[in-house]
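Structure first, then comments.
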Amino acid sequence: MTDASRDAILVRGARQNNLKNLDLDIPLNELVVVTGVSGSGKSSLVFDTLYAEGQRRYVETFSPYARQFLDRMDKPQVDAITGIPPAIAIDQTNPVRTSRSTVGTMTELNDHLKLLFARAATLFCQCCGKPVRRDTPESIYTDILSRARNAGDPRLLLCFPVPVPKSFKESEVRELLEKQGYTRFLAPDTAHDAAPARKRGRKPAAAPPIVLEVIQDRLRAGGAERGRVLESLEAALRVGRGRVNLHVADDSDPPRTLETWRYSSELHCADCDLAYQEPNPSLFSFNSPVGACETCRGFGRTIGIDYGLVIPDDSKSLRGGAIKPWQTKSYAECQQDLEKFARKRGIPLDTPWRELGAERRSWVLEGEGAWSKGVWYGVRRFFAWLETRAYRMHVRVLLSRYRAYTPCTACDGARLKTAALLWRLGSRELGDQTLGASSRFRPHGAQWSD
C-alpha cells in the first residue's frame, strides 16, 4: 500500500442503487462536500455505501452478545473499500412543532438555559428581595465579625429556635431540652406580646405557635476564640435544624434584645421565615408541570372573554344596544334586567358607553352580586353562567364569538411559576441593557422595591 492510499478512502466498483461501477478516492482528514443534481447518487454514495460499510466494520469489532443491541446495516454492493474509519452519520430531521414550541425549544437552547439556571442562578426572597443562600458556620462567623465590628462589638446571645409541637406542652419541651444540657432560655419580649383587647362578640384569634429561644452561648465576637464560636454555631445548627439567631442584647438582667441577626443552613430566608424548594432543570421548563404556570399551564396566555368583542361599538348607549350578546331574542331578558337595575341605581341609559365613568362601567361589567340575591349580576356573571351550560352546542358557538387569547395575568406571559421567576442571573443593570427596563417585570407575589 502506497502513502497515498493510506491517506484516502479507496472505493472500487460501487454499484449501490443508481451508482454504476464507481471508482473513487476520498482524502482523509479533510472536509469533503458531495454535491450534484437530484438523483445523481449522492446519498447512495455517502450513506448507503461509505457510512454503511464503516458502521458494519465497526460493529463487527464487538462481541456477538454486544452486537445484538446495535443497529446493523446491510453490506453495500461494492467490489472493495479500503482505508475507511468508523463512521458517524447525522440525519436531517424536521422537528415537530406544537402550540408550545418557541425559538428556544426548536433550537434546544432551552435545555441549556434550564441547566444554567439550575446550577448558576441566585435565589431572591419573595418578601424582602435579599439573596437566599445556605449559611455555613464559616460564613456565619465571618458575617458576625463584620456586623459586630460595625456595631461596636456588642453583647451577643447565640440561640436556636425550638418550636413547641401542638401535642406537647411548653414545660415538657423545656424538660427534654434540660436533659440535653440546655438550661438557659431567652425570655420573650413582653413589650411586644401584649394582645389588643378583644371586642365583645368576636371569636378569639388562634394563639400563635410557641417558639423557645434556647441559648447556646453568650459572647462578644471581638474577644471570643474562633474555635469556640464555630463549635457553638455547629451545635446550634444541628439542634436547631439549620436555624440560628444571634440576639444583640444590652447589659440588663434579664437581657433585652435590641436586634436579631438570623441565619439558616438551608434554602430558607431566615428573616422572612420562608423556605424554598431545591432548584432543578424541570423548575425552569414551561413544558414540565414542575415549572409551568398553574394558571396558563405553561402557554403564557389564557382564553377568556374579550369585552372589546362584547361591546364592539362604544358610541352606543346601554339602551341602544351597547352589550351586543343581549340584542337577540334569546337573551333579551338580560337587557331588560340591565335597564331595570340601571334606573334604580341612577345609571344613565342613553349616554354613550365611552362617556360613562369608570365606576359605572365597572358596575355594568362586574355587577353587585349573584342573580339569586335579586341584585344586578353583571356581564361577567352572565358569561360565567354560560360556561356552566357549555355542554350545549349553540352555547359553545356563542361563547366562541366573544373569546380571545390574553396574556396570563399570573405570570405575565413568562410561562413559569413564581417560584422559578425568583431565580435570577446577572445584575439589574445587565438586564436593563439586554432587554430594556420596560420589558422586565417583577414576579407576581414578590414584594420587591424598585
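Give me the distance between the Cα centres of segment 6-54 and segment 75-134, rounded to whole Å.
Result: 31 Å between the Cα centres.
Amide H to amide H under 5 Å from residue 132: which residues, 5+ apart in sequence or cross-chain, H placed 1.01 Å off N in plane?
123, 124, 125
For the ranges 253-260, 123-130, 416-423, 55-62, what's the packing order if you count other beta-carbon atoms within 10 Å of each residue, average per peptide, and put the highest first?
Most protected by this proxy first, the peptides run 416-423, 123-130, 55-62, 253-260.
Which of the chymotrypsin sites (Phe, Trp or Tyr not before Pro) found in segment 380-421 are loop residues per DSSP with 12 or fewer other Cβ atoms within 10 Å of their Cβ?
Taking segment 380-421 and a limit of 12 other Cβ atoms within 10 Å, the loop chymotrypsin sites (Phe, Trp or Tyr not before Pro) found are 391.
Once the Cβ-Cβ distance between residue 372 and residue 106 is put in as r, and R0 is 56 Å, what FRET efficiency do you end up with, to the nearest 0.05?
0.65
What aspartates and glutamates sit close enough to residue 324 to cross-link, taking a C-alpha to C-alpha distance under 18 Å and skipping anything fewer than 8 places away on the same chain?
Here the aspartates and glutamates satisfying the reach criterion relative to residue 324 are 306, 313, 314, 333, 337, 339, 350, 355, 366, 387.
Too long at a 22 Å Cα-Cα cut-off: which of 166/417; 340/373; 329/373?
Beyond 22 Å: 166/417; 329/373.
Give me the percent of Cα-Cα pairs in segment 3-82 that sit more than 15 Å apart, rounded to a whole number.
Considering segment 3-82, 61 percent of its Cα-Cα pairs are separated by more than 15 Å.
Ranking request for peptides 365-377, 227-239, 99-111: highest mean number of other beta-carbon atoms within 10 Å first, then the rest in descending order.
Top of the packing list down: 227-239, 365-377, 99-111.
Please report, in whole Å³, the volume per residue of the convex hull around the C-alpha atoms of the chain.
Measuring per residue, one finds 389 Å³ for the Cα hull of the chain.
Quickly work out the residue 275-to-residue 251 label distance, labels modelled 7 Å from Cα along the C-beta direction, and quote it in nm with one decimal.
In this crude spin-label approximation the distance works out to 4.2 nm.
Find how much the distance from residue 231 to residue 34 grows on full extension, using 0.36 nm per residue of separation minus their present alpha carbon separation; answer in nm with one decimal.
Length gained, residue 231 through residue 34: 63.9 nm.
How far apart, in nanometres, would the label points at residue 343 and residue 145 be if each is projected 7 angstrom from Cα along the Cα-to-Cβ direction?
Each label point lies 7 Å from its Cα, and together they span 8.4 nm.
In nm, to one decimal, how far is the modelled label at residue 433 from the one at residue 21, with both set 7 Å along Cα→Cβ?
Computed distance between label sites residue 433 and residue 21 equals 6.8 nm.
What is the sum of charges, Lys and Arg at +1 and Asp and Glu at -1, for the other residues whose Cβ falls under 13 Å from the Cβ of residue 21?
Here the charged neighbours net out to +1.
Students often check this: by mean Cβ neighbours within 10 Å, which of 46-53, 132-139, 19-26 ranks highest, and how do the rest follow?
My ranking of the peptides, most packed first, is 46-53, 132-139, 19-26.
Work the Kirkwood hydrodynamic radius out for segment 307-450: mean of 1/r over every pair of different alpha-carbon atoms, inverted, in Å.
For segment 307-450, inverting the mean 1/r across all distinct Cα pairs yields 18.4 Å.
To make sure I understand the rule: partners must be lysines, Cα under 20 Å from the Cα of residue 42, and not fewer than 8 residues away in the same chain. Which ones qualify?
Those lysines meeting the cut-off are 20, 75.
I need the phi-derived Karplus couplings for segment 208-214: 6.51 cos²θ - 1.76 cosθ + 1.60, θ = phi - 60°, integer Hz, Gly and Pro marked x.
After applying 6.51 cos²θ - 1.76 cosθ + 1.60, I find x, x, 8, 10, 8, 9, 8 Hz.
Just so you know, all these numbers are worked out from the coordinates, no wet-lab data involved. For clarity, every value in this text was computed on a predicted model and none was experimentally measured. Glycine gets a Cβ as well: all are built from the backbone with ideal geometry, and neighbour counts include every protein chain shown.
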